[in-house]
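The values are calculated or read from the model by the stated rules, or taken from the named source; none is laboratory data. As the structure is a computational prediction, the values presented were derived from the model and not from experiment. No Cβ is skipped: glycine too gets one built from the backbone with ideal geometry, and neighbour counts run over all protein chains shown. Just so you know, the surface numbers come from the protein's heavy atoms only, side chains and all, with ligands and any DNA or RNA stripped out. Shrake-Rupley method; radii C 1.70, N 1.55, O 1.52, S 1.80 Å.
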Amino acid sequence: MSSQDKEEICVEISNGQIDMITGIVYRQIISQRSVKSLQMTVLVPRNDEPKPAILYFPGGGFTSADYNKFYEIRHALAQAGFVVAGAEYRTIPDTFPAPVVDGKAAIRYLKAHAENFGIDPLRIGLLGDSAGGYLVQMLGTTMGETFFEEGEYLDENSDVASVVSMFGISDLTNIGEGYEEKLKAFHRSPASTEALLLHGPAFYNSPGNTIFGDLDKAKFASPVGHIKSGHPPFMIMHGTKDQLVSPVQSIQLFEQLKAKNNDAKLVMVKDAGHGDIFWFQPPVIQKIVDYFKETI
C-alpha cells in the first residue's frame, strides 16, 4: 500500500450531535366516524442539560400543514442548543378555532413530556411562517384565555416565552391591504382561504360567507383582536416585496403591540417575497437564532 493511500485527520470534538424523533402523535381528535392524529417531529441536541425549546408551525394557506419544512431554520436552532419541534395542525375544511386549539395542545404536550425531550418547560418559544405565523401570533396573544384550551394535559398551561412570526397574518379582514385592486379582490371572495377558515365552504345547510360576513367573529379569530399588555416578546418579520400577504399585516401587529407596551421588534427583509429563497439565507436564519437566544 502506498503512503499516499494513508491519511490521518485530527477531529475537534464539539457538542453538535442531534437526534431526530419522528412519528410523534401529540393529539388525537375523535369524531363519530373517524380519528384524526396530529403529528410532530422533534430535533433534540444530545446533552444532559434541560434545554430551551422552539415549537414550529408551518404555513400552507390554511389548507396544509407540512410540519417538516423549513429544515434549514429548524436545524440551525437545534445546532444552537434548542430542542426544536415541528407540528401539524388542522386545516381547511376544519374551521376556526381548530388550528389554535391544536397549537395550544402542542405546547401542553411538550410541557407534559419535557423530561422525555430534555426541555426546560419555562423556556419554550414559537416560530411560524405565513398561516403558521398567524397561528403563533394567535397563541402568543391569547395566553391566559381558556376558550382555546381543549384536549389532554390541561393541567399544563400553554404560555410561551417568545414568539417569532415570519410573513404572518395578523388581521383576517385586511390581508391584501396596500395591494393594488386586482390583488385585493381575491380576499372579498367567499372562496378565499381566510373565509373558508372562518365559515367553511357552502355545503348542505351552510351558505358560506365572505370574511366580512361576520366582523365580530373575524376580529376574534385575528391576533389583533386579542392584543393587550403582558404578551411575550415578539419578533415580527416580513418581506418588502411579499405579494401574497401584505407587509401591512406585520406592521399593524407591531404598532398595536407597542401601543400596549409590549416588547416587540419589526424586521423587514429587503426585496424578500413570500417564503422565497431570501428566507433561507444565513443572515435571516441567524437573526432568528439570535433572537431566541436573547429572549428565552
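Laid out as a table, the results:
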| read-out | value |
| --- | --- |
| Number of the condition not met by N116 [criteria: (1) under 26 Å from F220 (Cα atoms); (2) surrounded by fewer than 19 Cβ atoms within 10 Å (Cβ to Cβ); (3) of a type outside the set (S, T, Y)] | (1) |
| Search result, residues across segment 66-99 that are part of a helix (DSSP H, G or I), open to solvent by less than 10 Å² (accessible area, probe 1.4 Å) and in contact with a Pro (Cβ under 8 Å, 6 or more places away or on another chain) | A78 |
| Test: residue in segment 288-296 that is within 19 Å of G103 (Cβ to Cβ), in contact (Cβ under 8 Å) with a residue 24 or more places away in the chain and in contact with a Lys or Arg (Cβ under 9 Å, 6 or more places away or on another chain) | yes |
| Scope segment 41-94; condition of a type in the set (S, T, N, Q) and closer than 19 Å to F280 by Cα; matching residues | N68, Q79 |
| Extreme residue, farthest from R90 (Cα to Cα), among residues of segment 12-51 that are of a type in the set (A, V, I, L, M, F, W, C) and open to solvent by 50 Å² or more (accessible area, probe 1.4 Å) | I13 |
| Failed item in (1) touching a strand residue (DSSP E or B) at 6+ places or on another chain (Cβ under 9 Å); (2) open to solvent by 10 Å² or more (accessible area, probe 1.4 Å); (3) not basic (K, R), with T63 passing the rest | (1) |
| Unique residue being open to solvent by 80 Å² or more (accessible area, probe 1.4 Å), assigned to a loop (DSSP other than H, G, I, E, B), of a type outside the set (G, A, S) and modelled with pLDDT of 95 or more when the list is L172, L154 | L154 |
| Qualifying positions in segment 128-151 - open to solvent by 10 Å² or more (accessible area, probe 1.4 Å), on the phi < 0 side of the Ramachandran plot and not in a helix (DSSP H, G or I) | M143, E145, E149, E150 |
| Residues that are farther than 13 Å from D129 by Cα and either at pLDDT below 95 or of a type in the set (D, E, K, R) (or both), drawn from segment 269-289 | K270, D271, K287 |
